[in-house]
Amino acid sequence: MSERRNVLITGASRGIGAAAARLFAQKGWGVGIGCHTARDRAQELAQQLRQLGVPVQVYPCDVARQEEVQAMTAAFLRDFGTLDVLVCNAGIARQELFTDITQASWREMLGVNLDGVFYCCQAALPGMIHRKQGKIITLSSMWGQVGGSCEVAYSAAKAGVIGLTKALAQEVGPSGITVNCVAPGVIETEMNSQLSPQTKAELAEETPLQRLGTPEDVAQTIWFLASPAGDFFTGQVLAPNGGWVI
Ligand code: NAP
């Protein structure tokens, strides 16, 4: 019997992260569910996934705080032994006019969306380098590729995630580690819950495939990169966006 593989997914209490956690558990992987404020929700998901017969643990952690990320990673390694795949999925979005962005808002957007990825990768890498294997999957956005109006801080952070991914892939490739990025289009999650039904319909209409994405669409892309099918990909940006940005 082959050894069980383990994934740590930040921001997995809901949305894309939760869909990815579900998919990895269905594939028989041990799953670490990272969460921030929604501990009860993360525990409920963990209970459901344990029914599939795989080990699942919850790790509350603010990814913008390096010491919390280090503690989460250490706890995961104690619980699971090895970290095969890290999915840096935790993120926040906020729509504001560029001229209204305060220093605090800018710091928060960059802190969670970009610093968080830096802290998670740095905490995970020593173990991966030691084993000469591992995969890191980061979450950007199509706004990180082309820029989104009234989302300058978010776009800047997500563009930074793409740069981090490409550079880190070059640096750790010789150590047998891949680093890839998933840059979704508009996905039906709570991140977009403030959008009116009319705005969502307009966004769907602007999308060549004429619909918004689902968390499962993105989870399948993450899974592809984590699976053996993705072994020869590194430094790449895969974009489940319905054809919006090509
Ligand atoms: P979501 O439904 O809003 O969920 C966000 C997740 O991130 C939650 O689990 C939340 O944890 C966690 N989180 C937020 N702040 C955190 C922090 N400081 N530390 C740790 N975890 C934190 O978001 P989503 O739509 O699934 O998005 C997932 C990722 O995809 C994000 O990086 C997002 O930018 C990216 N993305 C989303 C879309 C989209 O249209 N939805 C498009 C492109 C890219 P708690 O619930 O525990 O607080």
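The values are calculated or read from the model by the stated rules, or taken from the named source; none is laboratory data. Keep in mind that this is a model prediction, so the values were computed, not measured. Cβ atoms come from the backbone with ideal geometry, glycine included; neighbour counts cover every protein chain shown.
Kindly establish whether Asp62 is within 26 Å of Glu190 (Cβ to Cβ) and modelled with pLDDT of 95 or more.
Spelling it out, Asp62 is indeed within 26 Å of Glu190 (Cβ to Cβ) and modelled with pLDDT of 95 or more.
For segment 73-111, what are the residues that are crowded, with 22+ Cβ neighbours inside 10 Å and in a helix (DSSP H, G or I)?
If the condition is that a residue be crowded, with 22+ Cβ neighbours inside 10 Å and in a helix (DSSP H, G or I), then Thr73, Phe76, Met109 are the ones that fit.
Can you tell me which residue within segment 1-20, out of those that are in a loop (DSSP other than H, G, I, E, B) and more than 9 Å from the ligand (Cβ to nearest atom), is farthest from Val182 (Cα to Cα)?
Among residues in segment 1-20 that are in a loop (DSSP other than H, G, I, E, B) and more than 9 Å from the ligand (Cβ to nearest atom), the one farthest from Val182 (Cα to Cα) is Met1.
Which residues, counting only those in segment 154-184, are small (Gly, Ala, Ser) and not in a helix (DSSP H, G or I)?
Selection gives Gly176, Ala183.
Quick check, is Leu139 away from the ligand (no atom under 11 Å from the Cβ) and at negative phi?
For Leu139, the condition - away from the ligand (no atom under 11 Å from the Cβ) and at negative phi - is not met.
Which numbered condition in (1) closer than 17 Å to Leu83 by Cα; (2) under 19 Å from the mean Cα position of the chain (by Cα) is the only one that Cys181 fails?
In the conditions (1) closer than 17 Å to Leu83 by Cα; (2) under 19 Å from the mean Cα position of the chain (by Cα), Cys181 misses (1) alone.
Could you give me the residue pairs with C-beta distances under 7 Å whose first residue belongs to segment 10-28 and is free of Cβ contacts under 8 Å to residues at least 24 places away in the same chain, whose second residue is within 7 Å of the ligand (Cβ to nearest atom) wherever it lies, and which are 6+ apart or on separate chains?
That search, which allows pairs on different chains as well, returns nothing.
Might you check whether a residue that is within 15 Å of the ligand (Cβ to nearest atom), basic (Lys, Arg), closer than 22 Å to Ile162 by Cα and more than 18 Å from the chain's Cα centre (by Cα) occurs anywhere in segment 59-69?
no
For segment 128-168, name all the residues that are more than 30 Å from Thr82 (Cα to Cα), buried (at least 23 other Cβ atoms within 10 Å of the Cβ) and in contact (Cβ under 8 Å) with a residue 60 or more places away in the chain.
Scanning segment 128-168 gives a single hit, Tyr154.
When you look at Asp115, is it within 12 Å of the ligand (Cβ to nearest atom) and charged (D, E, K, R), yes or no?
yes
For Tyr59, only one of the following conditions fails: (1) touching a residue at least 24 places away in the same chain (Cβ under 8 Å); (2) over 16 Å from Ala124 (Cβ atoms); (3) of a type outside the set (Gly, Ala, Ser); (4) in contact with a strand residue (DSSP E or B) (Cβ under 7 Å, 6 or more places away or on another chain). What is its number?
With (1) touching a residue at least 24 places away in the same chain (Cβ under 8 Å); (2) over 16 Å from Ala124 (Cβ atoms); (3) of a type outside the set (Gly, Ala, Ser); (4) in contact with a strand residue (DSSP E or B) (Cβ under 7 Å, 6 or more places away or on another chain) applied to Tyr59, the lone miss is (2).
Regarding segment 21-44, can at least one residue be identified that is within 18 Å of Ala124 (Cβ to Cβ), assigned to a helix (DSSP H, G or I) and within 12 Å of the ligand (Cβ to nearest atom)?
Checked segment 21-44: at least one residue is within 18 Å of Ala124 (Cβ to Cβ), assigned to a helix (DSSP H, G or I) and within 12 Å of the ligand (Cβ to nearest atom).
Looking only at segment 121-153, count every residue that is more than 30 Å from Phe76 (Cα to Cα) and assigned to a helix (DSSP H, G or I) and tell me the total.
Final tally of qualifying residues: 6.
Assuming Ser105 fulfils every condition listed in (1) at negative phi; (2) more than 16 Å from the ligand (Cβ to nearest atom) apart from one, which condition is it?
(2)
Answer yes if at least one residue in segment 209-217 is of a type in the set (A, V, I, L, M), part of a loop (DSSP other than H, G, I, E, B) and surrounded by 16 or more Cβ atoms within 10 Å (Cβ to Cβ), and no otherwise.
Checked segment 209-217: at least one residue is of a type in the set (A, V, I, L, M), part of a loop (DSSP other than H, G, I, E, B) and surrounded by 16 or more Cβ atoms within 10 Å (Cβ to Cβ).
Pull out all pairs, ordered by first then second residue, where Cβ-Cβ is under 9 Å, the residues are six or more apart or on different chains, the first lies in segment 204-231 and is closer than 11 Å to Val186 by Cβ and of a type in the set (Lys, Arg), and the second is away from the ligand (no atom under 11 Å from the Cβ) and in a helix (DSSP H, G or I).
Within 9 Å, the pairs are Arg211/Ala204.
Is it true that Glu205 is out of contact with any Leu (no Cβ under 9 Å at 6 or more places or on another chain), of a type in the set (Asp, Glu) and more than 15 Å from the ligand (Cβ to nearest atom)?
Criteria met by Glu205.
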